[in-house]
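Accompanying notes for the structure given below.
We did not get these values from a lab; they are worked out from the coordinates using the rules stated. Keep in mind that what you see is a predicted model, and the values were worked out from it rather than measured. Every residue, glycine among them, receives a Cβ derived from its backbone with ideal geometry; neighbour counts consider all protein chains shown.
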Amino acid sequence: MNIQKSKSLFERAQNSIPGGVNSPVRAFKSVGGNPIFIQRAKGAYLYDEDGNRYIDYIASWGPMILGHAYEPVVKAIQQKATESTSFGAPTELEVDMAELIKGMVPNVDLIRMVSSGTEACMSAVRLARGFTGRNKIIKFEGCYHGHADSFLVKAGSGVATFNIQTVPGVTAGVANDTLTAPYNDLQAVEALVAAHPTEIAAVIIEPVAGNMGCILPEPGFLEGLRQICTDNNIILIFDEVMTGFRLAPGGAQERLQIDADLVTYGKVIGAGMPVGAFGGRSEIMQHIAPLGSVYQAGTLSGNPLAMVAGFTLLSELHNNPSIYQELDEKTIYLKAGLINAFDASGFPYVINQLGSMISVHFSEQPVKDFASASAATNTLFNKFFHAMLNRGIYLPPSAFESWFLNNALTYEDLDLTILAVNESLLEIQQ
Ligand code: PLP
């Protein structure tokens with residue numbers, strides 16, 4: 001595969017952008033090799049600067065659930081742009097968006113729009129602290145909630161990919177207020193709560209983790225967390241930045257039938273535009289300014305282009321829930337193909353999947369937390385990644401990331417992917 005233009009662009013980029021990229025995992029540092037510079041995308045396909053086509057399993061890290069350049073979204077943005085790209089004043093569209101989200105997520109009474117998943121999680125934690133008058137939070141090892149200081153403690157995604165233990169620039173004071181427990185370990189949470197009975201404001205969790213590969217909550221885990229939080233007046237925050245509007249119209253809350261106190265969104269909610277949101281019961285949300293004194297604001301929050309893109313996509317998902325069935329079936333089809341290929345190869349493997357989130361670990365043990373995800377042979381994943389890329393399949397460039405299916409993928413695309421998996425596993429055996 002010729003990637004000459006990507007190579008020279010990466011060289012050029014490194015002279016003016018740190019590491020040549022605007023977000024670390026894009027640099028391919030852990031898998032090695034040259035990142036691919038994308039020129040455009042349509043449906044399930046990415047096209048790079050050298051004219052190569054890839055079947056996309058990243059979907060911009062989640063947002064493009066119906067594929068790239070989805071016609072109704074593109075048209076809505078084009079039309080909106082002619083009316084100005086920002087006002088910094090309230091609009092009817094923001095009310096429409098909030099009402100639509102409330103219709104999809106029944107336990108959200110009030111929702112505030114922000115511009116990224118990081119902002120959503122950071123603001124939800126501030127609100128939980130303001131509401132409870134407590135300082136500490138519990139997060140789970142390998143979960144990623146964005147790059148705000150409180151979350152860069154035993155974080156997943158790029159922090160795990162680059163094996164960064166403590167992040168310089170995060171003060172000890174902030175880090176000390178973030179307590180961590182292994183994912184799926186209820187006893188560890190109970191012990192933390194017992195040790196800090198009146199200090200914990202919130203437990204924040206990815207209800208299905210996607211930042212150490214895809215990791216599912218074991219039966220009873222989220223139910224147990226819900227109970228612990230209720231019993232101890234702790235705010236349970238579901239970080240649904242990945243799972244929101246992806247696993248079901250009402251996200252993981254609906255799919256797993258568990259209600260959080262606050263929920264955060266990103267990715268799908270903005271259809272690829274910079275959007276995040278946090279919401280929940282009005283009893284808690286009314287503490288946000290200007291109703292209450294927990295301050296939170298944003299010049300571009302509720303931006304008209306971002307809102308119209310998100311509103312158009314969410315409306316499609318709301319009106320056509322069969323999309324979720326289709327996505328599930330496609331993902332299960334891919335999973336079956338992966339299982340056959342891995343069985344034939346003899347490599348040890350674990351495939352975790354829920355809805356349109358799926359990942360592969362080269363592991364003999366079940367992968368149920370960060371320790372087991374880290375114990376997998378990730379050097380093999382890196383080889384597998386490149387073998388797939390050379391065959392035109394664009395997987396996340398790290399074993400610590402979930403793959404996301406989009407509904408523009410055809411069964412022919414899935415068959416091509418499965419063929420590439422078989423060939424790639426043969427290649428890396430040599
Ligand atoms: N929360 C989760 C679960 C995420 O996966 C991410 C990003 O990948 C974030 C929060 C941060 O979102 P953003 O990158 O939009 O700031």
* Asked: With a 10 Å Cβ neighbour count serving as the proxy for reagent exposure, in which order, fewest first, do Glu240, Glu71, Glu412 appear?
  -> Glu412, Glu71, Glu240
* Would you order Met285, Met242, Met273 from fewest to most other beta-carbon atoms within 10 Å of each residue's own beta-carbon? => Met273, Met285, Met242
* For peptides 176-185, 222-231, 321-330, sequence by mean Cβ density within 10 Å, most packed first -> 176-185, 222-231, 321-330
* Fraction of beta bridges assigned by DSSP in the chain that are antiparallel (%, nearest 5) -> 60
* Structure fact -> Whole-Å distance linking the alpha carbon centroid of segment 263-311 with that of segment 169-244 is 22
* Asked: If the chain between Thr379 and Asn422 were fully stretched, how many nm would it gain, using 0.36 nm times the residue separation less the Cα-Cα distance?
  -> 13.7 nm
* Where in the chain are the DSSP H helices whose C-alpha atoms run 20 Å or more along the long axis and whose mean Kyte hydropathy is at least 0.5? -> 304-319
* Asked: Among the listed pairs Lys42/Lys330; Lys29/Lys330; Lys5/Lys29; Lys335/Lys368; Lys29/Lys368; Lys154/Lys368, which are separated by more than 21 Å between their Cα atoms?
  -> Lys29/Lys330; Lys29/Lys368
* Structure fact -> Relative contact order in percent for segment 71-319 (Cα pairs under 8 Å, 6+ apart) equals 30
* To do: Take each of the peptides 126-139, 205-218, average the number of other beta-carbon atoms within 10 Å over its residues, and list them starting from the highest.
  => 205-218, 126-139
* About the Cα centre of segment 111-243, how large is the charge dipole given +1 on each Lys and Arg Cβ and -1 on each Asp and Glu Cβ? Please answer in debye to the nearest 20. => 360
* Structure fact -> Taking the chain and counting helices only, DSSP H stretches of n ≥ 4 at -39,500 (n - 2.57) each over all residues, the nearest-500 ellipticity at 222 nm comes to -12000 deg cm²/dmol
* Stretch gain in nm, segment Ala344-Thr230, where the contour uses 0.36 nm per residue and the Cα spacing is subtracted -> 36.3 nm
